[in-house]
Every structure is written in structure tokens, then in C-alpha cells.
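Comments concern the structure below.
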Amino acid sequence: MRKALLLIDLQNDYFPGGLKELHGSEVAVSNAAKILHECRRCNIPVIHVQHISIRPDAGFFLPDSEGVKIHQSVKPLPTEKVVVKHFPNSFRETELLDCLKKSEVEQLIICGMMTHMCVDTTVRAAKDLGFDIILIGDACATLDLHIQDYTIKSKDVQNAFLAALNSIFAKVINTEDYLKL
């Protein structure tokens, strides 16, 4: 089965000092870097997805800012594809699907941020498009969510979204288990 690694929105704004810091972003990107290293070693194609905001009221991922840049620890090589997106779904109005079809990719290994938004949306879309998906749960990060007067802690958000994706939409595993495959 032809594979590709998809790294979603591992960008500076999600890290300490960024405009939308996520809980666990440093651990997640460290794990994503391990997966990236392994995929490069095995000659598995790598695609970086970079979100650039186009909404006038956007609070982060602003064009031409430091925050929009891909994190140094997973910086793309000149030979690796970077797909720019403007919506949570990495397939919406991008060249991602065409790129994957041209390479005859059947399985996606996914790491990224935010688990509850862009990762969730992309995994579900990829499954609908017929891809087999391995989601590296500890190479993803999210944040606390709020509804009315209630706060859902990031750990609970992370676990709920990974649990919802597991089995039907993706096989959710951790970095250590992926590296043993």
C-alpha cells in the first residue's frame, strides 16, 4: 500500500509565544519530528499542510508573519510538498487530493494541530475520499474549549476527538507504536 505522511498546521502560532498556543504542542511536534524522520528514512513521501488565514478577522496564521511559518523541528525539505490551505479541511480548495492521486497514495499517516478542528476535519474528509488513515495521536495537540459557562480541558478534548476518530475513520496509535511497525 503506497503511503504518505501528512503534517497538518505544525506552525509557530501554536507554540509558546505564538498567537494561539496549544496545550502539548511541544510534545506533539517532537513526536511528529520522530515520525517525519522515520518517513524520510523509509522514503515515504511527505506533505506539509500550511494554513494561511484569509479572513479579515483572523487572530492567527496571518500572512507573512512568523506565526504562519512551519515549525523549525519539522521544516520541509526542498523536495517535500507544501500545500497551502485557507480552511480547516486540508482538501478544500487545495491541490492535496490531486497530489495524492498522482502519487497513487492509498494510506495517510497524519500528525498535526488542532486535533479538534483541522486534524478531525481532514481525517474525516480523507476517509470519505477512500484513504486508509493512521493517526498518530500523541503527535497532535489541541486546547481547552468553551461552551456557555463550561470549559472542556484540552486533555479531554484530545481524548474525545481521538476516540471518535478511532476505528471508523482512522487507526489511532502513538509514536512509539508507529515506530515499531
(request) Quick one: which residue in Ser73, Ser30, Ser65, Ser53 is among the hydroxyl-bearing types (Ser, Thr, Tyr) and under 16 Å from Leu135 (Cα atoms)? (result) Ser30
(request) Output the residues belonging to the range 140-176 that are surrounded by fewer than 18 Cβ atoms within 10 Å (Cβ to Cβ) and either touching a Pro at 6+ places or on another chain (Cβ under 8 Å) or of a type in the set (Ser, Thr, Tyr) (or both). (result) Tyr150, Thr151, Ser167
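Checking the conditions here, which among Gly137, Gly130 is within 30 Å of Lys180 (Cβ to Cβ) and surrounded by fewer than 18 Cβ atoms within 10 Å (Cβ to Cβ)? Lay out the reasoning, then the answer.
Numbers: Gly137 fails: surrounded by fewer than 18 Cβ atoms within 10 Å (Cβ to Cβ).
After ruling out the rest, the residue left standing is Gly130.
Anything in the range 18-42 that is among the β-branched types (Val, Ile, Thr) and either surrounded by fewer than 16 Cβ atoms within 10 Å (Cβ to Cβ) or modelled with pLDDT under 95 (or both)? List them, or say none. Show your work before the answer.
Taking the range 18-42 as the starting set, the residues that turn out to be among the β-branched types (Val, Ile, Thr) are 27, 29, 35.
Listed by number, the list holds a single entry, Val27.
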(request) Residue by residue through the range 77-103, note down the ones that are within 16 Å of Leu10 (Cβ to Cβ) and touching a Leu at 6+ places or on another chain (Cβ under 7 Å). (result) Val83, Ser90
(message) Here is a check on your reading of the model: is Arg124 touching a helix residue (DSSP H, G or I) at 6+ places or on another chain (Cβ under 8 Å), in contact (Cβ under 8 Å) with a residue 24 or more places away in the chain, in a loop (DSSP other than H, G, I, E, B) and surrounded by 14 or more Cβ atoms within 10 Å (Cβ to Cβ)?
(response) no
(message) Restricting to the range 134-181, give me the number of residues that are of a type in the set (Val, Ile, Thr), in contact (Cβ under 8 Å) with a residue 12 or more places away in the chain and in a strand (DSSP E or B).
(response) 5
(message) For the range 43-84, which positions are outside any loop (DSSP other than H, G, I, E, B), surrounded by fewer than 16 Cβ atoms within 10 Å (Cβ to Cβ) and of a type outside the set (Ser, Thr, Tyr)?
(response) Gln72, Val82, Val84
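The values are calculated or read from the model by the stated rules, or taken from the named source; none is laboratory data. All of these numbers come straight from a predicted model, not from anything done at the bench. Positions of Cβ are generated from backbone atoms using ideal geometry, with glycine treated the same way; all protein chains shown enter the neighbour counts.
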